[in-house]
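Q: Before I ask anything, let me first share the structure, which is written out below as structure tokens.
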Amino acid sequence: MRINKSATLLAALFVAASLSTVSPASAASLAVADVPGDVLRIVEVGTDAMGADSVANRNREFVRFQNVSGAPVDVAGVLVEDNWAHSKTLADVAHSCNTYKIVDLPSNPTTMVAPGEVVTVFNGIRWGGNYKVGSEYRLYANSDPDCGTNGQFFNNDNDAVYVTKGDGTVQSSWSWEHNGGYAFKP
Ligand SMILES: [Ca+2]
Ligand SMILES: [Ca+2]
Ligand SMILES: [Ca+2]
């Protein structure tokens, strides 16, 4: 009887625990609800540079998002972050890794993105810096090589990307749980 009681108690505790908390194994998938976005919308993500992930091929990690609304959008202060950085932002914990903050736009005296225009944030650098080609702004984050794997921080197998307002309010997000690909269109 003692054993049965203990087993019953354990079972009850387990049920209580599973009802009241999220286990680490399921936290990633439960915490991330994809947000397509009706103003700024993520349209393509590079998650894994072909070959070894090095400082030199950081640009194979990128986030491309579009103004899908019918009005200009001010992107000053917009953040592009991975799962780790977004959780820090929501917790109001200062962090410099895995985060890019838009402060200005090339070939544009303002920070307004017109309807239909696209912004791509690459994690590497470009000789000549940020530029605009057609209706696309190309921004280079030059992510810190000490962050992630040589500055590449979108986990190849399981992570998420967020485009948020400065306070972390999600404009668009997309998560993945797979491997074996390089770039994806949500
Ligand atoms: Ca990656
Ligand atoms: Ca790789
Ligand atoms: Ca990451």
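Q: Restricting the search to the stretch 132-171, which residues are crowded, with 19+ Cβ neighbours inside 10 Å, out of contact with any Phe, Trp or Tyr (no Cβ under 6 Å at 6 or more places or on another chain) and of a type in the set (Gly, Ala, Ser)?
A: SER143, GLY148, GLY151, ALA160
Q: Continuing with the same structure: Report whether or not GLY116 is loosely packed, with under 13 Cβ neighbours inside 10 Å and under 18 Å from THR47 (Cβ atoms). Steps first, answer last, please.
A: On the way: loosely packed, with under 13 Cβ neighbours inside 10 Å: yes; under 18 Å from THR47 (Cβ atoms): no.
When the stated conditions are applied, GLY116 does not pass them.
Q: What's the number of the only condition in (1) without any contact (Cβ under 8 Å) to a residue 24 or more places away in the chain; (2) more than 16 Å from ligand 3 (Cβ to nearest atom); (3) of a type outside the set (Val, Ile, Thr) that LEU139 fails to meet?
A: (1) is the only condition that LEU139 fails.
Q: Confirm whether VAL73 is more than 16 Å from ligand 2 (Cβ to nearest atom), aliphatic (A, V, I, L, M) and surrounded by 22 or more Cβ atoms within 10 Å (Cβ to Cβ). Steps first, answer last, please.
A: Details: more than 16 Å from ligand 2 (Cβ to nearest atom): yes; aliphatic (A, V, I, L, M): yes; surrounded by 22 or more Cβ atoms within 10 Å (Cβ to Cβ): no.
Considered against the rule, which asks whether it is more than 16 Å from ligand 2 (Cβ to nearest atom), aliphatic (A, V, I, L, M) and surrounded by 22 or more Cβ atoms within 10 Å (Cβ to Cβ), VAL73 comes out as no.
Q: Now a separate question. Quick one: is SER175 more than 14 Å from ligand 2 (Cβ to nearest atom), open to solvent by 20 Å² or more (accessible area, probe 1.4 Å) and closer than 16 Å to ASP82 by Cβ?
A: Numbers: more than 14 Å from ligand 2 (Cβ to nearest atom): yes; open to solvent by 20 Å² or more (accessible area, probe 1.4 Å): yes; closer than 16 Å to ASP82 by Cβ: yes.
In short, yes.
Residues checked against (1) modelled with pLDDT under 95; (2) among the polar types (S, T, N, Q); (3) more than 14 Å from the chain's Cα centre (by Cα); (4) under 21 Å from SER69 (Cα atoms):
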| position | (1), (2), (3), (4) |
| --- | --- |
| TYR100 | no, no, no, no |
| MET112 | no, no, yes, yes |
| ASN142 | no, yes, yes, no |
| ASN150 | no, yes, yes, no |
| ASN155 | no, yes, no, no |
| TYR162 | no, no, no, yes |
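The values are calculated or read from the model by the stated rules, or taken from the named source; none is laboratory data. Nothing here was measured: the structure is a model prediction, and the numbers come from that model. Neighbour counts run over all protein chains shown; Cβ positions are idealised from the backbone, glycine included. All accessible areas refer to the heavy atoms of the entire protein, side chains included, with ligands and DNA or RNA removed. Shrake-Rupley method; radii C 1.70, N 1.55, O 1.52, S 1.80 Å.
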